[in-house]
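For reference, the structure discussed in these notes is given below.
The values are calculated or read from the model by the stated rules, or taken from the named source; none is laboratory data. Please read all numbers here as calculations on a predicted model, not as lab measurements. Positions of Cβ are backbone-derived with ideal geometry, glycine not excepted, and every protein chain shown enters the neighbour counts. Just the protein is used for accessible areas: all its heavy atoms, side chains included, with ligands, DNA and RNA removed. Shrake-Rupley method; radii C 1.70, N 1.55, O 1.52, S 1.80 Å.
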Amino acid sequence: MKLNINLSELIRLGKRMLPEGSGFILGEKSVSFEPLDVELESGIKINISELDAGTGLISFKGRQVLLYIRDHSQIYDSAIADPGRGNKFHIAWCKTLDTMRQDGRFGRYHATNRLDGFFEIDDGHGKHQDIELKVCKNCLEKLNYRESANKAVRHIVFASFVLKDFFSHYSTCFSYMPKGLYNATNSGYTEDWKEISNRIRNRSGFVCSDCGVDMSSHRNLCDVHHKDGVKYNNTEENLEVVCRDCHRKKPQHGWMFLSSSDMQVIKACRLQQGVNNVNTWSDVYSLTDTSIHGDINILEMKKYPLPKLGYQIENAGQGREITLDAAWVSEKIAVNLEPVFLPGWTIFTVSEAVSYINEG
């Protein structure tokens, strides 16, 4: 299915807002999505058996999804008046979902990957309306999303939760980019942006100004970042070269989707070039995938030492070398995006270290 959108009026307004003499471009090309991606944005009723097995995140046919209850028949009017009183939506396999599953009430849920925070609810008698439901706090704790295992922090994260930021945070865990995260490559940039970007990147040698990785062999994963967030401010002091991973970690960049394969390339370059050494916990978070930050943070809170990043070890059982994202070698504990079995080691993937520490 192709969605064709006319953005000519937006382009006209964009040109009026720019400084005199500047051009403006906005990608107008059609983007193809599979029918399932379109259906998920509207929400589909789901059976628990249809959901993918795996991490603590919720996945349906390789797509990250949220679960919510559309039927608000008992609290419809109060939810319309105050959305905070509506049923919370779920982003992870939390204890609330476990209870619903055990009680046989899981059939009430719908799956969606709509990212504006609004969900269609109904009263069971034909009335329906989009309202801005709130995220489940148990889900935030389950993932330790942005340090939500800490109760005080959890309240702050709950109040400021943005779905696009959340989906971007865990983008490497999924094969498909949600339709709502699509952002045309040239959206909002000046007409000469491509030339400016190429010049700035070439001059820097395609070296990331944050982590120091040289991306000259994978130039598509090297970006130019506008420090003030204004895409038409192309002054030299406002531009910096960054790898795609460091770029998505910048403030106000929750729309960026980084695939697992692209993250693997960046990690391999860092490892080969020896830029994986860490001296502080801040270094650890700067150089690791955001998908595993919740698990790394829970180990930091438990006073574990700094981990080794990109730790390589021979797997005698498979006859090949394994590279672990973050490893505590003396303790034989690691956090890794992909599930790995290594005799004598405890290796956690997304949300598993959080569960292990909290339940242990």
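Quick notes on this structure:
- Residues in the range 200-301 average 42 Å² of solvent-accessible surface per residue, probe 1.4 Å, ligands and nucleic acids excluded.
- Percent carbon-and-sulfur accessible area, the chain, ignoring ligands, DNA and RNA, probe 1.4 Å: 48 percent
- Heavy-atom accessible area order for His293, His218, largest first, 1.4 Å probe: His218, His293
- Net charge of Cβ neighbours under 14 Å - reference Val329; Lys, Arg +1; Asp, Glu -1: -1
- Accessible-area value, Glu39, 1.4 Å probe, nucleic acids and ligands omitted, Å²: 90 Å²
- For a straight C-alpha distance cut-off of 14 angstrom, the aspartates and glutamates reachable from Lys303 (same-chain residues fewer than eight places away being disregarded) are Asp295, Glu331.
- In Å, descending, principal axis extents of the Cα set of the chain: 63, 62, 38
- Solvent-accessible surface ranking, highest first, for Phe158, Phe348 at 1.4 angstrom: Phe158, Phe348
- P(r) of the range 73-231 over all Cα-Cα pairs, binned every 5 Å from zero, in whole percent: 1, 7, 12, 14, 15, 14, 11, 8, 7, 5, 4, 2, 0
- Summing Lys and Arg as +1 and Asp and Glu as -1 over all other residues whose Cβ lies under 14 Å from the Cβ of Ile196 gives a net charge of -2.
- Cβ-derived FRET efficiency at R0 41 Å, Glu359 paired with Ala81, nearest 0.05: 0.60
- Ranked order, Ser42, Ser73 - accessible area, probe 1.4 Å, largest first: Ser42, Ser73
- Modelled spin-label separation between Glu120 and Gln102, with each label point placed 7 Å from Cα along the Cα-to-Cβ direction: 3.4 nm.
- Per-residue surface analysis assigns Met177 an accessible area of about 70 Å², computed on protein heavy atoms at 1.4 Å probe radius.
- GNM flexibility winner over the chain from Thr190, Thr112, Thr280 (Cα, springs under 10 Å): Thr280
- Full extension of the chain between Glu331 and Tyr304 gives 8.8 nm of extra length, using 0.36 nm per residue less the Cα-Cα distance.
- Extension gain for Gln252-Asn277 works out to 6.3 nm (0.36 nm per residue, less the C-alpha to C-alpha distance).
- Value of [θ]222 nm, deg cm²/dmol, for the chain, DSSP H segments ≥ 4, -39500 (n - 2.57) each, nearest 500: -8500 deg cm²/dmol
- At R0 = 25 Å, FRET efficiency that the Cβ-Cβ distance of Val153 and Ser42 yields, to 0.05: 0.15
- When each of Lys95/Lys227; Lys88/Lys250; Lys137/Lys231; Lys137/Lys179; Lys88/Lys227; Lys134/Lys308 is checked by Cα-Cα distance, pairs over 32 Å: Lys95/Lys227; Lys137/Lys231; Lys88/Lys227; Lys134/Lys308
- Within a Gaussian network of the chain (alpha carbon springs, distance under 10 Å), most fluctuating of Thr99, Thr349, Thr323: Thr99
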